1. Taking the Cα centre of the stretch 92-241 as origin and charging only Cβ (+1 Lys, Arg; -1 Asp, Glu), how large is the dipole, in debye to the nearest 20?
2. Taking the Cα atoms of the stretch 2-201, what is the range of coordinates along each of the three principal axes, in descending order and whole Å?
3. Please identify the GluC sites (Glu not before Pro) of the stretch 162-260 that satisfy two criteria: DSSP loop assignment and at most 13 other Cβ atoms within 10 Å. Which are they?
4. Find which of Pro136, Ala250, Ile235 sits farthest along the positive direction of the dipole of the chain, computed with +1 on the beta-carbon of Lys and Arg, -1 on that of Asp and Glu, about the Cα centre.
5. In deg cm²/dmol and to the nearest 500, what is the mean residue ellipticity at 222 nm of the chain if only DSSP H runs of at least 4 residues count, each as -39500 (n - 2.57), divided by the residue total?
6. Below 8 Å between Cα atoms, with a sequence gap of 6+, how large is the relative contact order for the stretch 137-260 in percent?
7. Placing +1 at every Lys and Arg Cβ and -1 at every Asp and Glu Cβ, with all other atoms neutral, what dipole size does the chain have around its Cα centre, in debye to the nearest 20?
8. Taking a cut-off of 30 Å between Cα atoms, list the lysines near Lys53, but don't count ones fewer than 8 places away on the same chain.
Amino acid sequence: MADQAQDVVTWKTVKPGIVAVTLERPPANALGIPLLDGLHLAMDAAEKAGDVKVMVIASAQQGFFAAGADIKHLSSIDAESFTAYGDKMREVNDRIAAAGWISIAAVDGIALGGGLELALACTLRVAGPNGKLGLPEVKLGLIPGAGGTQRLPRLVGRGRALDIMLTARQVPADEAYRIGLVDRLTDSSAVEAALAFADELVGPSLPAQLAVVRTVDGAFDLPLADGARFEVDQIQTLFEDGEAAEGITAFVEKRRPQFR
């Protein structure tokens, strides 16, 4: 299984601190077990390297980011196996969302169902002109089951999320950008735009960036007073671990900070 997983998901360091993960399961990157295992292997490698600041997840399949769950696999399994498969998809997405680096999904082409849920698990999303995003599970008598019903409303709001999920429609890239489903829109390659975005992100303090992500996410889950206290806690941690001291000292000394 490991060899098969490595065949459909590859990864490489493109610049110091930036890793590109590529999905390569023809024809449409259906999220079968090998691809999910491959994503775990890529995460394992990044954790072992210990110097990853930004991970870009992209596709080698023209016209597709990821088309969703492996329907052929679903058609051949029972209810218990279906639950286990859903758990595996959620495990991958939750691991990406909780990773110790910034992640960017580069969406060139179609990202549907589990494919969009994978992109939603990333910190940020970049779409090319041919991007189409959706959660069409109701057409199969199902609902999104790998975080889509939870992450999509946090990005676009309740009404827009229901519109997308209840109609099962595909949202074009320009609309996805307008409603906040994707964070940057390019008229060329989403992969190139995502790598350029990664260049912007690789310079600042990663602990500070992750603290920003945590506090912003907390704004959706915590009462305002609790969120404000959490913000103070995050600032205190940055001083205690030396990141803030290094950043401030470097500014005063007019030099480049040496962040962790």
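Please treat every number below as a calculation from the coordinates, not as lab data. All values reported here derive from a predicted model rather than from experimental measurement. In this analysis, Cβ positions are derived from the backbone assuming ideal geometry, glycine residues included, and neighbour counts consider all displayed protein chains.
1. Details: 13 positive and 19 negative charges, 124 e Å.
The calculation lands at about 600 debye.
2. 45, 39, 28
3. Listed in order of number, the matching sites are Glu253.
4. Of the options given, the answer is Pro136.
5. -16000 deg cm²/dmol
6. Numbers: 63 pairs, mean separation 20.2, N = 124.
So the answer I get is 16 percent.
7. Numbers: 25 positive and 34 negative charges, 108 e Å.
It works out to roughly 520 debye.
8. Lys12, Lys15, Lys88, Lys132, Lys254
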